[in-house]
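The values are calculated or read from the model by the stated rules, or taken from the named source; none is laboratory data. A quick note: this is a predicted structure, and the numbers were derived from the prediction, not measured. When we count neighbours, we look across all protein chains shown, and the Cβ atoms used for this are built from the backbone with ideal geometry, even at glycine.
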Amino acid sequence: MLDQIKALARGKNMCVLATDAGGRPHCSLMAYVIDENCREIFMVTHKNTQKYRNLINNPAVSLLIDSRENAPRSRVLALTVDGSFHLIEENAKRNRVKAMLLEEHPHLADFLNHAQAELLCVKVNSFLLLDGISEAHYQQM
């Protein structure tokens, strides 16, 4: 099952990021890339956003990755990722992540190079894959 989970996560490049806005959920559509082991998911945002303030105050996040655009409704795969936000401190890793994001999302070049841009790392705690309407698979990382 882990192979199917990884295939879905690698096969997509957009997700919904849910953060905590002081006890209220805040959702954002995000471009992402994922490391080869599917243990870290990388995104970019600006420091002056609600989502960034939420992440600084509470690093617990949830992501939703799904297959709705290319599957009949009865066969949609929905992957919920439970994780925690971390800043990327190491320059070499920052450069690798930025290059990965630019390769997958070249339209983000100006956004990534903005003075307010901050790279985000979500360390994956677990995956919950919903296959169709009722078949669920949980995978702790």
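In segment 13-36, is there at least one residue being touching a Gly at 6+ places or on another chain (Cβ under 8 Å), modelled with pLDDT of 95 or more and in a strand (DSSP E or B)? No; the residues of segment 13-36 include none that is touching a Gly at 6+ places or on another chain (Cβ under 8 Å), modelled with pLDDT of 95 or more and in a strand (DSSP E or B). Scan segment 72-82 and tell me whether some residue there is touching a helix residue (DSSP H, G or I) at 6+ places or on another chain (Cβ under 8 Å), farther than 26 Å from Asp131 by Cβ and surrounded by 14 or more Cβ atoms within 10 Å (Cβ to Cβ). The answer is no, given that none of the residues of segment 72-82 is touching a helix residue (DSSP H, G or I) at 6+ places or on another chain (Cβ under 8 Å), farther than 26 Å from Asp131 by Cβ and surrounded by 14 or more Cβ atoms within 10 Å (Cβ to Cβ). List the residue pairs whose Cβ atoms are under 7 Å apart, where the first residue sits in segment 25-45 and is among the polar types (S, T, N, Q) and surrounded by 15 or more Cβ atoms within 10 Å (Cβ to Cβ), the second is modelled with pLDDT of 95 or more and not in a strand (DSSP E or B), and the two are 6 or more positions apart or on different chains. Going by the 7 Å Cβ cut-off, the qualifying pairs are Ser28/Lys51; Thr45/Lys51; Thr45/Tyr52. Checking each residue in segment 52-85 for being under 22 Å from Asn13 (Cβ atoms), modelled with pLDDT of 85 or more and not hydrophobic (A, V, I, L, M, F, W, C) picks out Tyr52, Ser62, Asp66, Thr80, Asp82, Gly83, Ser84.
Just one of Leu101, Leu129 is under 16 Å from Asn13 (Cβ atoms) and touching a strand residue (DSSP E or B) at 6+ places or on another chain (Cβ under 7 Å); which is it? Full working, then the answer.
Working: Leu129 fails: under 16 Å from Asn13 (Cβ atoms).
None of the others qualify; the one that does is Leu101.
When Ser62 is tested against (1) free of Cβ contacts under 8 Å to residues at least 24 places away in the same chain; (2) farther than 19 Å from Leu101 by Cα, only condition (1) is not met. Taking every residue in segment 97-119 that is farther than 11 Å from Met43 by Cα and modelled with pLDDT of 95 or more and pairing it with any residue that is part of a helix (DSSP H, G or I) and among the aromatic types (Phe, Trp, Tyr), at least 6 positions away or on another chain, yields no pair with a Cβ-Cβ distance below 8 Å. Here Asn54 clears all of (1) within 20 Å of Gln4 (Cβ to Cβ); (2) touching an Asp or Glu at 6+ places or on another chain (Cβ under 6 Å) except the condition numbered (1). Asp3 satisfies every condition listed in (1) closer than 29 Å to Glu135 by Cα; (2) of a type outside the set (Lys, Arg); (3) part of a strand (DSSP E or B) except (3). Taking segment 15-35 as the range and being under 14 Å from the mean Cα position of the chain (by Cα) and farther than 16 Å from Gly83 by Cα as the test, the residues that pass are Leu29, Ala31.
If you go through segment 91-108 one residue at a time, do you hit one that is within 26 Å of Asp20 (Cβ to Cβ) and in contact with a Cys (Cβ under 7 Å, 6 or more places away or on another chain)?
Step one: filter segment 91-108 for residues within 26 Å of Asp20 (Cβ to Cβ), giving 93-94, 97, 101, 105, 108.
Still in the list and also in contact with a Cys (Cβ under 7 Å, 6 or more places away or on another chain): none.
No, the conditions are met nowhere in segment 91-108.
Do we have any residue at all in segment 96-111 that's of a type outside the set (Asp, Glu), surrounded by 12 or more Cβ atoms within 10 Å (Cβ to Cβ) and more than 15 Å from Val33 (Cα to Cα)? Among the residues of segment 96-111, at least one is of a type outside the set (Asp, Glu), surrounded by 12 or more Cβ atoms within 10 Å (Cβ to Cβ) and more than 15 Å from Val33 (Cα to Cα), which makes the answer yes.
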